[in-house]
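These notes are about the structure you will find just below.
We did not get these values from a lab; they are worked out from the coordinates using the rules stated. Just so it is clear, the structure is predicted and the values come from calculations on it, not from any experiment. All Cβ positions, even for glycine, are placed from backbone atoms using ideal geometry, and neighbour counts span all protein chains on display.
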2 protein chains.
Amino acid sequence: MVETRRDRRWRPGGLKGSVQEDSVARITILGAGFMGSALTFPASDNGHRVTLWGTWLDDHLIEAVRRGEAHPKLRLHLSPGVRVCHHAQLAEALSGADLVVNAVTSEGTLPVLRRAFPLLAPGTPLMSVSKGLLRRQDGRVDTISAAIREGLPRSLRRGFRLVVVGGPSKAMELARRVPTAVCYASADAAPRRLARRLFQTPYYAIREMADVRGLEVCSAFKNAYAIAAGLCDGLVKAGRWEASTNTKAALFAQAIGEMEILVRSVRGKLATVTGLPGVGDLFVTGVAGRNRTFGEMRGSGMPTHQVVAELSARDELTEGYAAIRMGQTYARQRRLPDLPLLAALHRIVYRGGDAERALRRAVFGSRGRARA
Amino acid sequence: MVETRRDRRWRPGGLKGSVQEDSVARITILGAGFMGSALTFPASDNGHRVTLWGTWLDDHLIEAVRRGEAHPKLRLHLSPGVRVCHHAQLAEALSGADLVVNAVTSEGTLPVLRRAFPLLAPGTPLMSVSKGLLRRQDGRVDTISAAIREGLPRSLRRGFRLVVVGGPSKAMELARRVPTAVCYASADAAPRRLARRLFQTPYYAIREMADVRGLEVCSAFKNAYAIAAGLCDGLVKAGRWEASTNTKAALFAQAIGEMEILVRSVRGKLATVTGLPGVGDLFVTGVAGRNRTFGEMRGSGMPTHQVVAELSARDELTEGYAAIRMGQTYARQRRLPDLPLLAALHRIVYRGGDAERALRRAVFGSRGRARA
């Protein structure tokens, strides 16, 4: 089904980021967790030379793959052509890369990129699949791309080209070639087009867009809002509601409304919220995944510290937990209008608030009446 | 939890539709299926006098309730104060009604209302929870409210006040008092406000809006688009995909994009699509319910005629099946721009098209490439 370019010869030359239409490219993916490893599939299927580098937290993953085992998180064997590198081999991994992908968690992104930047040839495009908000040096909470730009050494600042990825894409499904559609966003058309050309396959559709900030805001906040769906499941589990589909749907619509306010505040486009990065990604995150699990445990009555301890022990604590607090700070720092669902999530997860009462208030308004 | 007005005396008088703030109202609900019966719960909890009238297809439901059994569809006992009427008792059911609710299926709506209209006092507000598209006398497919207005006798045309209801509301959950939020839409504020006052409870939040056409378009088309989610489940069941959350999420976003085009074409508001009637209702319909079941059966490889036969035999054939064909006609008659997902659904359900190929094309565009 997939046309590969394995048999074609690698033609060197050309400027970084201007890999020729038909040529095989060198792609280095930083971070060997779920999404970093999943992206090796479309890139390999397209016949590119893929290097997967694991951080100091990924040693066990890299070792397993080296021993010829399945990737422990994806539970799949990577394509045989994928080269895996240990965290000490960063220079080797980055050498000659036409495109570098940041697939490290949001907290890991700056520590990893600070080591990677001095090893990159100027002009190498960077693609980032990391989501979330980060605290900048001046204390302001901002999206990852802003933090990445701030962390850049002077030598790379000129002509630095970043592509950010958003949209509904569970790594487990992408790696199994389930039809998936995402958005690649960049202010520059050239790196965006390059990235799309390298990764697009018949099962991985990529739409290009310019709205970087809007996409990042959707990607970061959807993790927070997805916890609301889990809270509903927890309330049903605890016997406080008989079912919760109606409530979940109302909270879903409320979350989209709040994401619209957030995206407008960064002058992002409404189409980003109503498309794959907003509506699409919130759907996939709310229906499946670890943010939902976090919410379910908290909603069934377990206090937050215990949920955090249990999920951390299973290496399953996810970004939504931090996203609620960072998101609340982000909204306050920008003096945004009232975001009742985000505030309710903060009250439930960080202040021991009762999930049933707080969610009901978020849907019905403060006096048990619907907001107009 | 719920404050009732049962103990208060019914104060007669006042104009139709101007029932006084604190008074008990007479509400007549036409159609004793899922939603008509579910609406008796908030209305009774608010202490109003509720009459539930069953059509000639609802005899078994009305009889069961009369025998003191649970409502066979909801599997719940109605509140003891609810009066149930057999189809021959239409005049009795409508006598003195302050508000009439149409909760008949979309095909049943005109036959029932043609009998009801001559029995209504002029000025009685009508609320409609029926969804879908209907073919008008001139052959054009239109929303139910347009068809209702067209069917009105002259005597009622002047001052006729219609409220339409949309948003995520599974009847089974509303009847179990699960927190639910919906929209009541009318061009006139007075009947909208009246309807909201009569039905709003702590578990049933009602938001008022003026965008009748936008709400109706969302309500009608969401039934069609919900079938797409079911088709994905069917493809997984048939072993053609390993999973489908990513694909479902992409189709969900695609559906919202197409609903935006549809709503704009009737000069509806974008907020209707991004709020409860669009995003919220599509979520609930796609995740649960009979439209999803229809899609799952068709997606697993069963031909449409067999799906229709099996679901009809179980009295579970739902509006989405007709909505796809009517929706396609609606879009063509209005010369709307390309709606690839709607077209794919039509191909799959009405022309024996392969679900996997048609859905993939709808997400990826015609040449296996993502649409920009």
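Quick notes
- Net charge of Cβ neighbours under 11 Å - reference B:R136; Lys, Arg +1; Asp, Glu -1: 0
- When you restrict to C-alpha pairs under 8 Å that are six or more residues apart and normalise by the size of chain B, the relative contact order lands at 14 percent.
- Axis of helix B:355-364 versus longest Cα principal axis of chain B: the two differ by about 90°, to the nearest ten degrees.
- Neighbour count of at most 16 Cβ within 10 Å plus DSSP loop: longest chymotrypsin sites (Phe, Trp or Tyr not before Pro)-free window in chain B: B:57-372
- Residue (of A:L76, A:L162, A:T180) at the positive-pole extreme of chain A, dipole from beta-carbon charges: A:L162
- Expressed as a whole percent, the proportion of Cα-Cα pairs in chain B lying more than 26 Å apart is 51%.
- Taking Cβ atoms as reference points and 15 Å as the exclusive limit, the residues near B:G166 contribute a net charge of +3, counting Lys and Arg as +1 and Asp and Glu as -1.
- Along chain B, longest interval not containing exposed GluC sites (Glu not before Pro), exposed being DSSP loop plus at most 14 other Cβ atoms within 10 Å: B:70-241
- Evaluated over the Cα positions of segment B:195-259, the convex hull gives a direction-averaged projected area, one quarter of its surface, of 6.3 nm².
- Database remark: amide H of B:Y204 closer than 5 angstrom to the amide H of B:T180 (H placed geometrically; neighbours at sequence offset of 5 or more, or on other chains; Pro and chain starts carry no H).
- At most 11 other Cβ within 10 Å, DSSP loop - trypsin sites (Lys or Arg not before Pro), segment A:244-328: A:R267, A:R314
- With all projection directions averaged, the alpha carbon convex hull of segment B:141-200 covers 5.4 nm².
- Cα-centre dipole for the protein assembly as shown with unit charges at Cβ (Lys and Arg positive, Asp and Glu negative), debye to 20: 1600
- Whole-number D in µm² s⁻¹ for segment B:247-372, Kirkwood Cα-pair radius fed into Stokes-Einstein, 20 °C, 1.002 mPa s: 140
- Dipole of chain B, positive direction: furthest Cα of B:V287, B:L359, B:Y203, with charges on the beta-carbon: B:L359
- Of the beta bridges in the protein assembly as shown, as assigned by DSSP with both residues counted there, near 25 percent are antiparallel.
- In degrees, nearest ten, helix A:212-237 long axis to first principal axis of chain A (Cα): 50
- 0 to 90° range, to nearest 10: angle between helix B:290-299 axis and chain B longest Cα axis: 20
- The Cα-based radius of gyration of the protein assembly as shown, divided by its Kirkwood radius, gives an Rg/Rh of 1.01.
- Dipole axis of chain B (+1 Lys, Arg; -1 Asp, Glu on Cβ), positive-most option in B:V112, B:G54, B:T329: B:T329
- Across segment B:124-255, counting alpha-carbon atoms alone, Rg and Dmax equal 18.1, 60 Å.
- Assigned charges on the beta-carbon of Lys, Arg, Asp, Glu; chain A dipole about Cα centre (debye): 840
- Long-range Cα-Cα pairs in segment B:116-161 (distance over 16 Å), rounded percent: 40
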